[in-house]
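Below you'll find the structure I mean.
We did not get these values from a lab; they are worked out from the coordinates using the rules stated. Just so it is clear, the model here is predicted, and its values are computed rather than measured. Cβ placement follows ideal geometry from the backbone for every residue including glycine, while neighbour counts extend to all protein chains displayed.
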Amino acid sequence: MKSAAEFFRSLALPRRFLHSRTSVAQLDRTFGARHWVLARSMCLQRTFNLAGIPANERENAMDIEIRQWSPFKQTGRCIVWEEAAAQVWIWDEDVRRASAKNAGVNSSLSYPETLLCPRMDDTTVRIMSCTEGYEGQIWRNGILLATRWWEGVPSYGEWSRFLMAHDLPPSEIPQVQTAQMLRQPWGFVRNLQSFLSLQYEHRWVLGLTALLVFLLSWQVASAVQSWSSVRDLKEQTSMLSAEIEPLTKARSQALEHKESAEHIARLCPFPTQLQLMAAAVGVFENRQVTLAEWHYSRGSLKFALDGKEPDPTYYISAYEKIPFFKDVTAEPGNRPNRLEVKMTVLEAGRN
């Protein structure tokens, strides 16, 4: 039989459910709050430096960045702040909710499995073995600066391109690391799907469980003192009501900040590079071409593609049909089977 200490420990520890591309598995047999852990293969990750934005406006600015970055219709998100650095993971919230519903799980917190890998406090790079695939990580002074997920162990070229994309020189592929999952995330997790989420469920479970044990012990000790148990129950109910009140206030504040967020959005006139690259690659179809170079400066885009005798006429026509591109030109590049494409990028609202 478990000891009393082990029993109460099982009440405090969360029940974690691991969501991969193929299944949902329960990791723990505990009784704490339900945590939804997304496999790294289910997420996109970026780290944003918001040092140039006032602290009281960073939440709004972060929401705008995520909306511009996310390719999903409904975006789930997890944010871990380190001063002005926002370490952000996003995922398809519709897929997560459907999987949670099928599994019969109503979770209080969602976060990626990366937060259950050991944190690095120095500046280094590493490759971690994940539930599915492998994750390359760049750490700088305890901040997860960038990550990249691969289905298999990356080749030297893939690893070098990942490093160079973040201003690091190419290096040999480090040895893949495997680590046991932490019991708790290494960062303070912020889920912004809804101000009305069950983010206080853990506290509710612990409070109500402690109250139940207290009432049972009190009644066994003395039925005569039952009136005291009723009084304590009312006090606990009052405490829970007080904890719920900040949620209502937070929702009201969110509505008040809506106009401010829309104003900040208007300060970002051009499409994001993620949107531009998606539009550029979208016309490749089945033409067996690859994106070889990419150069973007505010309002001006130039890139090169490699393929078998690429047709300039096709690409000029295709890109001219995209609303935020104009003045498209295409000409042979500096090597065989290369086409260089140039265009002007329009501000939002001018196309």
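Under 5 Å between amide H atoms, partner at least 5 residues away or on a different chain: which partners does ASP28 have, H built in plane at 1.01 Å?
ARG16
Using label points projected 7 Å from each Cα along Cα→Cβ, tell me how many nm separate GLU309 and ASN49, to one decimal.
4.8
Quote to one decimal, in nm, the extra length available between GLU151 and ASN56 on full extension: 0.36 nm per residue of separation minus the C-alpha distance between them. Write out the running numbers ahead of the final one.
On the way: separation 95, 0.36 × 95 = 34.20 nm, distance 3.89 nm.
Full-extension gain reported as 30.3 nm.
Once Lys and Arg get +1 and Asp and Glu get -1 on their Cβ, which of PRO169, GLY307, GLY152 lies farthest toward the positive end of the dipole of the chain?
Final value for the positive-end residue is GLY152.
Additional query: Suppose every Lys and Arg Cβ carries +1 and every Asp and Glu Cβ carries -1, with no other charges. What dipole size does the chain come out with about its Cα centre, to the nearest 20 debye? Walk me through the numbers on the way to the answer.
On the way: 40 positive and 38 negative charges, 150 e Å.
The dipole of the chain has a size of about 720 debye.
Give me, ordered by chain and number, the residues 5 or more places off PHE270 or on other chains with an amide H under 5 Å from its own placed amide H.
ALA348
Report the gain in length on full extension from GLU83 to LYS101: 0.36 nm times residue separation, minus Cα-Cα distance, nm rounded to one decimal. Show your work: numbers first, answer last.
Working: separation 18, 0.36 × 18 = 6.48 nm, distance 3.53 nm.
Value of the extension gain: 3.0 nm.
Next up: Test of understanding: what is the full-extension gain from ILE244 to TRP186, defined as 0.36 nm times their sequence separation minus their Cα-Cα distance? If you can, show how the numbers build up before the last one.
Details: separation 58, 0.36 × 58 = 20.88 nm, distance 2.61 nm.
Working it through step by step, the gained length comes to 18.3 nm.
Taking H as built 1.01 Å from N, whose amide H comes closer than 5 Å to the amide H of ARG34, not counting residues under 5 places away?
Placed amide hydrogens put ARG15, SER108 under 5 Å from ARG34.
In nm, give the distance between the simple-model label positions of ASP94 and SER317, each being 7 Å from the Cα along the Cα-to-Cβ direction.
Output for this residue pair reads 3.2 nm.
Estimate the FRET efficiency between ALA292 and GLU235 by the formula 1/(1 + (r/R0)^6), using the beta-carbon distance for r and 41 Å for R0, to the nearest 0.05. Write out the running numbers ahead of the final one.
Numbers: r = 69 Å, r/R0 = 1.67.
Plugging the Cβ-Cβ distance into 1/(1 + (r/R0)^6) gives 0.05.
Now for a separate question. Between [x] -0.79, -0.93; [y] -0.58, -0.71; [z] -0.69, -0.83, which entry matches log10 I(q)/I(0) by the Debye sum over Cα atoms at q = 0.10, 0.11 Å⁻¹ as derived from the coordinates of this structure?
Answer label, from the structure shown: [x].
Would you mind getting me the FRET efficiency between ALA210 and LEU168? Use the beta-carbon distance for r and R0 = 56 Å, nearest 0.05.
Details: r = 50 Å, r/R0 = 0.89.
E(calc), rounded to 0.05, equals 0.65.
Given the options GLN87, GLN175, GLN68, state which has the largest fluctuation in a GNM of the chain using a 10 Å cut-off (strictly under) for Cα springs.
For the chain, modelled as a Gaussian network with Cα springs under 10 Å, the answer is GLN175.
Please work out how many pairs of lysine residues in the chain are eight or more positions apart (or on different chains) and have Cα atoms closer than 25 angstrom.
The number of close lysine pairs in the chain is 12.
Who wins for biggest fluctuation among ARG67, ARG16, ARG77 in a Gaussian network model of the chain, springs between alpha carbons below 10 Å?
Greatest mean-square fluctuation among the candidates belongs to ARG67.
Tell me, what HN-Hα J-couplings in whole Hz come from the Karplus equation 6.51 cos²θ - 1.76 cosθ + 1.60 at θ = phi - 60° for each residue of region 172-183, using x for Gly and Pro?
These are the phi-based 3J(HN,Hα) values: 5, 5, x, 5, 5, 9, 10, 9, 6, 4, 5, 6 Hz.
May I ask you to derive the FRET efficiency for LYS302 and GLN175 from their Cβ-Cβ distance with R0 = 41 Å, giving the value to the nearest 0.05? Present the calculation step by step, with values, prior to reporting the outcome.
Details: r = 39 Å, r/R0 = 0.94.
For R0 = 41 Å, the calculated efficiency reads 0.60.
Per residue of the chain, what 222 nm ellipticity follows from adding -39500 (n - 2.57) for every DSSP H run with n ≥ 4, rounded to the nearest 500? Could the numbers behind the result be given before it?
Numbers: 8 runs with 121 residues, N = 351.
After summing the helix terms and dividing by the residues of the chain, the value is -11500 deg cm²/dmol.
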